[in-house]
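Chemist: One structure coming up, written as structure tokens, with questions to follow.
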Amino acid sequence: MIMRLNLADCREKAGLSLKDVSKILKIGVKTLEKYEAGVISPKLDLGWEMSMLYRVPMGGINFSLDAQRA
């Protein structure tokens with residue numbers, strides 16, 4: 001089984017803050033917090049940008065809502 005990281009773990013592993021990522025991706029901090037909390041899920045193009053930013057392959061990130069921190 002492939003180990004997949006949730007969004008917050010990917011961001012933290014990359015050494016980035018919520019503010020850093022929101023500025024780079026041009027999204028609000030609150031929106032990013034909602035992605036990480038599993039309230040909403042990013043669209044595919046934003047998921048790809050996150051994958052590139054975090055340097056984690058798309059297949060290594062668990063984008064499912066139940067995988068994120070509550």
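Chemist: Please report, as a whole percent, how much of the solvent-accessible surface of the chain comes from carbon and sulfur atoms (probe radius 1.4 Å).
Modeler: After summing per-atom areas, the C and S share lands at 59 percent.
Chemist: For Lys43 and Thr31, calculate 0.36 nm times their separation in residues minus their Cα-Cα distance, and state this gained length in nm to one decimal.
Modeler: 3.1 nm
Chemist: Can you list residues from other chains, or at least 5 along the same chain, whose modelled amide H is less than 5 Å from the amide H of Leu5?
Modeler: Those qualifying (amide H under 5 Å, at least 5 residues apart or on another chain) are Ile61, Asn62.
Chemist: Quick one: net charge of Pro57's neighbours, Cβ under 15 Å, K/R +1, D/E -1?
Modeler: Net of charged neighbours comes to +1.
Chemist: Quick one: divide the alpha-carbon radius of gyration of the stretch 1-59 by 2.2 N^0.38 Å and tell me what you get.
Modeler: 1.03
Chemist: Just want to confirm a number: the relative contact order over the stretch 8-70, from Cα pairs under 8 angstrom separated by 6+ residues, in percent.
Modeler: 38 percent
Chemist: Per 0.36 nm of contour for each residue apart, how much would the distance between Leu5 and Arg55 grow if the chain were fully extended, relative to their Cα-Cα spacing?
Modeler: Gain on extension, Leu5 to Arg55, equals 16.8 nm.
Chemist: Please list, in order along the stretch 2-9, the HN-Hα scalar couplings obtained from phi with the Karplus expression 6.51 cos²θ - 1.76 cosθ + 1.60 (θ = phi - 60°), rounded to whole Hz, x for Gly and Pro.
Modeler: Karplus-based 3J(HN,Hα) across the stretch 2-9 equals 7, 7, 10, 9, 7, 4, 5, 4 Hz.
The values are calculated or read from the model by the stated rules, or taken from the named source; none is laboratory data. These numbers were taken from a predicted model, which means no experiment stands behind them. Counting neighbours? That spans all protein chains shown, and the Cβs are built from the backbone with ideal geometry, glycine included. In case anyone asks, the SASA skips ligands and DNA or RNA and just uses the protein heavy atoms, side chains included. Shrake-Rupley method; radii C 1.70, N 1.55, O 1.52, S 1.80 Å.
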